[in-house]
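Down below is the structure, laid out as structure tokens.
What follows draws every value from the coordinates through simple rules; no lab data is involved. Quick caveat, the model's predicted, so the values are computed rather than measured. Glycine also receives a Cβ, built like all others from the backbone with ideal geometry; neighbour counts cover every protein chain displayed.
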Amino acid sequence: MKNGDRITCEIKGLASDTLYIKVDLGTSSVEWIKVDHLESKQLFIVKTQDGIVYSGTLFTPESSGERPVKIQILEPSDTRVEIEKSQIIKMDETASTIWQRFNGDVGLGVIYSKGNQSTQYDFSSSLNYPRERWSANAAFNSTLSSSTGRSPATRNELNLNIERLLRWNNWYYTGLADFLQSRNREFSSRAALEAASGVTW
């Protein structure tokens with residue numbers, strides 16, 4: 001860090017000017033302007049503004065400015081690539097083994113209201129599998145609510161998404177699937193599928 005501190009942590013990713021790290025107490029964020037340099041033996045997927053994707057370990061070379069302006073990536077083929085920090089749009093952690101590449105989270109919440117004796121339970125989870133030129137995501141959300149004098153209501157939703165870069169670096173296509181099931185006074189279910197292609201700048 002610029003103030004002389006050293007942080008031993010797991011680097012989770014870089015987005016905009018925020019570096020996300022994992023320490024013993026959980027995930028934290030660090031402003032990039034406060035970073036002096038970083039070194040990591042972890043594998044990362046780095047995406048740039050022109051659509052090029054790199055994968056490898058990384059570190060920042062010495063800089064005479066106030067903060068690191070370049071990041072060097074050492075690819076598995078031992079090719080070393082140096083990128084301007086301003087050209088990086090996203091950096092995600094990955095791994096050499098299949099199971100270690102998965103990222104996810106689980107959340108559980110309870111809301112209780114004494115006034116009308118109502119209770120709501122919320123469950124959420126997500127799973128992400130990033131690769132150099134494609135990624136897959138899944139998210140599930142479930143809500144159960146009940147109150148005095150009313151039948152319990154439930155709502156379950158599953159979202160699936162896959163995205164892949166095409167041969168032309170900034171072009172991509174994506175597929176989306178959404179499944180919704182709800183039960184209040186009536187039971188209803190819905191499924192939606194969508195495919196799209198586009199370009200990023």
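Taking a straight line from the alpha carbon of LYS34, these aspartates and glutamates sit under 12 Å away, with near neighbours fewer than eight places off in the same chain left out: ASP5, ASP17, GLU66.
Remark on the chain: Rg and Dmax equal 21.7, 69 Å (Cα only). Each label point was placed 7 Å from the Cα along the Cα-to-Cβ direction; for SER86 and ALA195 their separation is 4.0 nm. Note on SER124 and LEU180: the extension gain reaches 18.8 nm, defined as 0.36 nm multiplied by sequence separation minus the Cα-Cα distance.
Please report the base-10 log of the normalised intensity I(q)/I(0) for segment 92-201, using a Debye sum with one equal scatterer per alpha carbon and no solvent, at each q in 0.11, 0.15, 0.20 (1/Å). Per q value, in the given order, log10 I(q)/I(0) is -0.53, -0.81, -1.08.
Principal axis analysis of the Cα atoms in segment 10-94 yields extents of 35, 29, 21 Å, listed in decreasing size.
Of all lysines in the structure, the ones whose alpha carbon falls short of 16 Å from that of LYS90, not counting any fewer than 8 places away in one chain, are LYS12, LYS47, LYS70.
Would you kindly state how much longer the chain becomes between ASN116 and THR57 on full extension, computed as 0.36 nm times their sequence separation minus their alpha carbon distance, in nm to one decimal? Walk me through the numbers on the way to the answer.
Working: separation 59, 0.36 × 59 = 21.24 nm, distance 5.54 nm.
Full-extension gain reported as 15.7 nm.
If I take R0 = 35 Å and measure r between the Cβ atoms of LYS41 and ARG167 in this structure, what FRET efficiency does the formula 1/(1 + (r/R0)^6) give, to the nearest 0.05? Rounded to the nearest 0.05, the efficiency is 0.65.
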